[in-house]
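Below is one structure, written out as structure tokens; comments come after it.
Derivation of every value follows stated rules applied to the coordinates shown; laboratory data play no part. Values in this document were obtained by computation on a predicted structure and should not be read as measured data. Cβ placement follows ideal geometry from the backbone for every residue including glycine, while neighbour counts extend to all protein chains displayed.
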Amino acid sequence: MNRPILLAVLLSLFAATAFPPGEASALSGQPVPFSHKTHVAGNGIDCRFCHIYATRSASAGIPSVAKCMSCHRVVAAGNPSVKLVARAADEKRAIAWNRVAKLPDHVYFPHHKMVNAGVPCLFCHPGVDQAVETVQKRAFTMGWCMACHRQRGVSIDCWTCHK
Amino acid sequence: MSHGGGHKWGMAIDLDRCTGCNACMVACSAENNVPITSEDQAGKGRLMHWIRVNRYWQSGWPRPESVHIPVPCMHCGKAPCEPVCPVYATYHNEENLNAMVYNRCVGTRYCANNCPYSVRVFNWFDNKWEGPLDEQLNPDLSVRSRGVMEKCTFCIQRIRRAKEQASTENRALRDGEVVPACVQTCPPGALLFGDLNDPDSEVSRAVRNLRRFRLMEHLGTEPSVTYLKRVKGGGT
Amino acid sequence: MIDRRDFLKFTGLTAFTALFGGCEKLSRTIVPFVIPPENYVLGEALWYATACRMCPAGCGTLVRISEGRAKKIEGNPKHPVNRGKLCARGQAALQGLYHPERLRQPMKLAGARGSGSYTPITWPEALAILMPHLAKIRSEAPESLLMLSGRMRGHANVVADRFMKGFGSPNRVSWEPLGHDAQLAASEAIYGIRDLPEYDLANARYALSFGGDFLETGLSPVHFGRAYGAMRQGRETVRGKLVHFGSRFSMTSANADVYFPVAPGTEGLAALAIAHVLLRDKLLPQAAGGGVWDGGLKEITPEAVSRRTGLPPSAFVETARELAGNRPAIALAGTGPATMGNGTYNLSCVALLNALAGNYGTPGGISFPDRRATLSRFGGDAQLIAPAPESGHGALRAATDRMRKGAFRVALLLEPSNPAFALPPAFRFEEALGHVPFIAAMAPFIDETTAHADLILPTSHFLESWGDDFAPMGHAGNAITLMQPVISVYHDTRAIPDILLAAARELGGPLASALPAGNFREYLANAYAGMEIPFEQALQEGGYFRMKPGPLRPLPKDAGHSMPKASEPAFAGSPDRYPFVLRLYPSNSLLDGRHANLPWLQELPDPLTTAVWRNWVEINPDTALKLGIAEGDGVAVASPAGTIRAHAVLHPGLAPDVVAMPLGQGHGRYGKFAGGRGENPFTLLPDATDAGSGSPAWQSTRVALSKVALKGRLVRFGFPEGQWKPDQFIA
């Protein structure tokens, strides 16, 4: 094994063991350039219009290609990014988005419980409404979750949020 | 439900109904991502079942008699496993469950040694689910990694799911709504589960049965599992 | 509008989080739908109703589906057979679905037959091999096509039947080693009705089991398990009593209040002795003995039977008195006495006891509902949808003989019940297969039988298939079960009826017009069109359970009963050379061996011996002591037909002159979970049958035991506080 490859392997091992950073800026390069700012701040679209499962399910969900095209058949149809989505829709091909907000597997986070209890989306995902490139600015640390749960008198039993 | 306050989960096991068929064991493994070990590991006493069905011989030929006793975690009120954990990985929650925090567990196995019922099992290895067997894994639960103790949780993920459903529908939990996997599948209906704080629940009625006893009660563990004695011989 | 099938297609595309612990293993991408199905909520589990095919009992199930993957099976609460409950085997069906060794594409033989050496090919390639064979013999000699399957039910069976008729071959054999021929023959002999009775165990006050294994592996274990619980503790003031007469201490006998050990093959005599006392002492004045008493029952005194069974005469007298004093009572028989050389006799005696004790048609007794009445709209097909639960052993024997004579040029093995494993060597089934020039198997796994195929077409799991089912018992006719694919087909597999429909289309002519549907779902929907409940709704519920149950069938009068023709059990080998009668029984987890490749079931302790992962031989502790055999020792079990080795389990429940072994282990070619785990007890058997019904007689040999060195050890589910100590019982 030559030296640069060995170095790369070592670096990647290090990266894999490090806890995911709160400011995940390295996760650019989404398959389709998508600006939350244009949609939320610019056009005033509610989060739940696209993340339709947020009030109903543990996962908020990412909009389907059909959901995007329900507006973009007409709106901004000439935009190069929209054209990428339109092509996916024509080819009936799913888009694999890169994950931005990461929770470890042993955490159970029910979006619907939070949203229905009145926690604003931006409380946990600050600045997303202004983001041209989506990043998760708030680190999901257990202490941060617990502080809020304590303040609101919500259960802090381990199995409320762990699985 | 007439009672106030929270839930106190408990189980009743009617030995007069239990046939020893082991359906509970497979149901549990399927629900809780319990790994398969191997013949070799099983030979070292490392089977991972969260519930087992003990068979006790009471007499032999020519009048053989035996009895089957399913043994899940007793979720003791005064659990011997809890005070010995140096990292507080096993604790008692507000609903009378003896719960495990897998991420805290450092694998001392003190808890298992101190459990009089031998219901705790230890992950000696990172257990693999050879693909595509991993497709069956329950997404409501994590897969425990090497060096971590695990045991019956009374299917806490089902308790959580039922509570969520009830709160979405803006109502209280109904008796019988929370059913652990073993209880749900048990063909003769030997296993019962419910809220001991609700005096009218099926399990509360069962634990008032005169046949009741608890396993190794003299140890003062205050188990949440109540057994109903098998009535042998009589009955007619 | 997205229908359910599109949904299943799309679910393959959804994101689902990697399940293994640790953040670094979290999937890096999220793949939402192109078009989400209607009513779909991300992360919310869906439940689909279908049927269980892990044994022939025919329970209804609900399967939990999360993001397109099957996660858990539960019983269907609406299904009359199992009412929401399920056994260990049913629970383990998911491991068959996601088994690592399932065939993923068609396979072409690459070595010698039986070598298990195969090359993967595509479906078009596979059909290009199969179809010319079929086309050729169809024009030249259609009757040289043999179809060998397990016991098929529902419209899959109709399709298979139409295929063979349309093809022009009468040679269709369905072989199921877990058949109930002896029970059918007994019902016919005593009641004049060739069907399984319905047993109302739940409402009985007194249950007499004659070698019954109804709680673990008998007629319908979940159905009886549920009823057993109700019989014991389901009523406020009555606790039903269970008394067991048997020649092996089984799980069911462990649950009995009283266990009476009898000599193997005398279970029927024990029942007659009780009937004798009932009539002699006029314990049930209303029960008219009629011709039975003079027809021979008079001679079957407790004293006479005592000499045969080894029980004191008082056992029969007391039992008869208890039975008479605790009505309703019920008598059941199980696999043990049914698989003796005198199986039909044993079961007829038990049926006669029921008849004489007046247990027919009463709550807590037995009855014969006309279950097929609900299938009347299918006319003659009703017999195909709900065939009698026979073993088909005689037909298999005839076909095997004809194979040897070169009568068949092509054999189609449709998920056969592994005859190459579950038959005695003297049947010479494998050798006979060698005489068939071309063998095509449709099966999910390579096992001892399918390993003889020149071509294997991989079949879909029942959880991936359309279908319908009709349980042989446990309901009064109100249980037409529907099956639907709960997940999309996981590998490149096809369901058997779909393969047959496509083959029929290609072969054309009358065959194509006999099977006109494009696919099996369409065939099924057409068959069930016009029912009072629409097909789609019935699929949701799991079947047509709200049908009006069939009426009870009237019986001939008591005078019509006649004494069963006396028949003795036959055991190969002389008692001085082979001192022990061998009792073989289907394993609680592996049955006859069909589930030996499922690790959940391999690691499931046996209810009585708590052994896992291999098989053993059960020996009475005193006998073992005399032979110098200790717990876990290697033992050679020798019969006139062969010798196998197994580890000894000192079993306090067994008679000194009987040894017992579970069936199921000893596979040579059934994957890594099944392979190399003990030796196959079927190889000890002579080619014997029950004289009355022709079904396989598993209790047909004597054996000798000797200590041998045996590698490895038998692992038992260790719970030190519960281990049996030999010195407790040896005086």
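In order along the stretch C:369-375, the phi-based Karplus estimate (6.51 cos²θ - 1.76 cosθ + 1.60, θ = phi - 60°) of 3J(HN,Hα) comes to x, 7, 4, 6, 4, 6, 9 Hz; Gly and Pro are listed as x.
When both bridge partners sit in the protein assembly as shown, DSSP labels roughly 55% of those beta bridges antiparallel. P(r) tail for the stretch C:400-550, what percent of Cα pairs lie past 27 Å? Tail fraction, whole percent: 40. Summarising the label geometry, the points placed 7 Å from Cα in the beta-carbon direction at A:Q130 and C:R377 lie 6.7 nm from one another. In chain C, the inverse of the mean reciprocal separation of distinct Cα atoms equals 26.9 Å; this is its Kirkwood hydrodynamic radius. Here C:K298 is the anchor, and the lysines within straight C-alpha reach of less than 24 Å, apart from those fewer than 8 places off in the same chain, are C:K282, C:K557, C:K565.
Per-residue ellipticity at 222 nm, computed for chain B from helices alone with -39500 (n - 2.57) per DSSP H run of at least four residues, works out to -4500 deg cm²/dmol. In a simple Cβ point-charge model (Lys, Arg +1; Asp, Glu -1; nothing else charged), the protein assembly as shown has a dipole of about 1420 debye relative to its Cα centre. Backbone amide hydrogens, once placed in the peptide plane, bring B:T90 within less than 5 Å of B:V101, excluding anything fewer than 5 places away on its chain.
Using the structure shown, list the pairs from B:K8/B:K232; B:K44/C:K707; B:K44/B:K151; B:K151/B:K229; A:K67/B:K163; A:K92/C:K72 with a Cα-Cα distance above 22 Å, or answer none.
Numbers: B:K8/B:K232 31 Å; B:K44/C:K707 25 Å; B:K44/B:K151 18 Å; B:K151/B:K229 25 Å; A:K67/B:K163 31 Å; A:K92/C:K72 31 Å.
B:K8/B:K232; B:K44/C:K707; B:K151/B:K229; A:K67/B:K163; A:K92/C:K72, as the Cα separations exceed 22 Å there.
Dipole orientation for chain C: of the candidates C:G325, C:F368, C:W613, C:W613 has the Cα lying most toward the positive pole (charges on Cβ; Lys, Arg +1; Asp, Glu -1). Legend: helices of chain C (whole DSSP H runs) are marked when their alpha-carbon atoms reach 24 angstrom or more along the helix axis and their mean Kyte-Doolittle hydropathy is at least -0.5; marked are C:123-140. Using C-alpha pairs under 8 Å with a sequence gap of at least 6, the mean separation divided by the residue count of the stretch C:481-563 gives a relative contact order of 33 percent. Remark: the stretch B:52-62, residue by residue, has Karplus-estimated 3J(HN,Hα) of 10, 10, 6, 10, 10, 6, 9, 7, x, 3, x Hz, where x stands for each Gly or Pro and the curve is 6.51 cos²θ - 1.76 cosθ + 1.60 at θ = phi - 60°.
Relative to the current alpha-carbon distance between A:F123 and A:V32, full extension at 0.36 nm per residue lengthens the span by 30.2 nm. Normalised by residue number, the volume inside the convex hull of the Cα atoms of the stretch B:121-174 is 93 Å³ per residue.
Taken one residue at a time, the phi angles of the stretch B:208-215 give Karplus couplings (6.51, -1.76, 1.60, θ = phi - 60°) of 8, 4, 5, 7, 5, 7, 10, 6 Hz. Gly and Pro are set to x.
Any idea what diffusion coefficient the stretch C:182-256 gets from Stokes-Einstein, in µm²/s, Kirkwood Rh on alpha carbon pairs, 37 °C, 0.692 mPa s? Diffusion coefficient, whole number: 251 µm²/s. Can you tally the net charge around B:G107? Count Lys and Arg as +1, Asp and Glu as -1, for every other residue whose Cβ sits under 12 Å from the Cβ of B:G107. Counting the neighbours of B:G107, the net charge comes to +4.
Across the stretch C:361-441, the mean sequence separation of Cα contacts (distance under 8 Å, 6 or more residues apart), normalised by length, yields a relative contact order of 29 percent.
The aspartates and glutamates whose alpha-carbon is closer than 14 Å to the alpha-carbon of A:K83, local same-chain residues fewer than 8 away aside, are A:E91. Based on DSSP H segments of at least four residues, each scored -39500 (n - 2.57), chain C has a per-residue ellipticity at 222 nm of -7500 deg cm²/dmol.
With r as the distance between the Cβ atoms of B:E177 and A:T141 and R0 = 41 Å, compute the FRET efficiency 1/(1 + (r/R0)^6) and round to 0.05.
Details: r = 34 Å, r/R0 = 0.83.
The value I calculate is 0.75.
The GluC sites (Glu not before Pro) of the stretch C:512-579 that DSSP puts in a loop, and whose beta carbon has at most 10 other beta carbons within 10 Å, are C:E532. For the stretch C:277-339, a Kirkwood hydrodynamic radius built from all Cα pairs, placed in the Stokes-Einstein relation at 20 °C and 1.002 mPa s, yields a translational diffusion coefficient of 164 µm²/s. Semi-axes of the equivalent ellipsoid of the protein assembly as shown are 51, 37, 29 Å, computed as sqrt(5λ) over the eigenvalues of the C-alpha gyration tensor in descending order. Between amide H atoms placed 1.01 Å from N, distances below 5 Å from C:V637 occur with C:I644, C:R645, C:A646, all of them 5 or more places distant or on a separate chain. In this Cβ point-charge picture (+1 for Lys and Arg, -1 for Asp and Glu), the stretch C:580-729 has a dipole of about 480 debye about its Cα centre. When the alpha-carbon atoms of chain B are used, the pair Rg, Dmax equals 18.2, 60 angstrom.
Within the stretch B:119-179, the trypsin sites (Lys or Arg not before Pro) that combine a DSSP coil assignment with at most 15 other C-beta atoms in a 10 angstrom radius are B:K128, B:R146, B:R171, B:R174. Each other residue within a Cβ distance under 14 Å of A:R87 adds +1 if Lys or Arg and -1 if Asp or Glu, for a net charge of +2. Could you give P(r) for the stretch B:1-103, binned at 5 Å from zero, as whole percent values over all Cα-Cα pairs? In order of increasing distance, the bins hold 2, 9, 13, 17, 19, 18, 12, 6, 3, 2, 0 percent. Residue by residue along B:142-151, Cβ atoms of other protein chains within 10 Å of the local Cβ number 3 on average.
Extension gain for C:E536 to C:S574 (0.36 nm times residue separation, less C-alpha to C-alpha distance): 7.6 nm.
How much space per residue, in cubic angstrom, does the convex hull of the C-alpha atoms of the stretch C:295-442 take up?
Values: hull volume 29.2 nm³, N = 148.
Spread over its residues, the Cα hull of the stretch C:295-442 gives 197 Å³ apiece.
Under a 5 Å amide H cut-off, with hydrogens placed 1.01 Å from N, B:N33 pairs with B:N138 among residues at least 5 apart or on other chains. Work through the residues other than C:T610 whose Cβ is under 11 Å from its Cβ and net out their charges, Lys, Arg +1 and Asp, Glu -1. For residues surrounding C:T610, the net value is +2.
Straight-line cross-link partners of A:K137 among the lysines, defined as a Cα under 16 Å from its Cα and at least 8 positions apart when in the same chain: A:K37, A:K102. Could you bin all the Cα-Cα distances of the stretch C:607-665 into 5 Å bins starting at 0 and give me the percent of pairs in each, rounded to whole numbers? Taking all Cα pairs of the stretch C:607-665, the binned fractions are 4, 19, 32, 27, 15, 4, 0 percent. Normalising the average separation of contacting C-alpha pairs (under 8 angstrom, six or more residues apart) by the number of residues puts the relative contact order of chain C at 17 percent.
Computing FRET efficiency as 1/(1 + (r/R0)^6) for A:S155 and B:V84, where r is the C-beta to C-beta distance and R0 is 22 Å, gives about 0.25. Within the stretch C:607-691, list the trypsin sites (Lys or Arg not before Pro) lying in a DSSP loop whose Cβ has at most 14 other Cβ atoms in a 10 Å radius. Taking the stretch C:607-691 and a limit of 14 other Cβ atoms within 10 Å, the loop trypsin sites (Lys or Arg not before Pro) found are C:K672.
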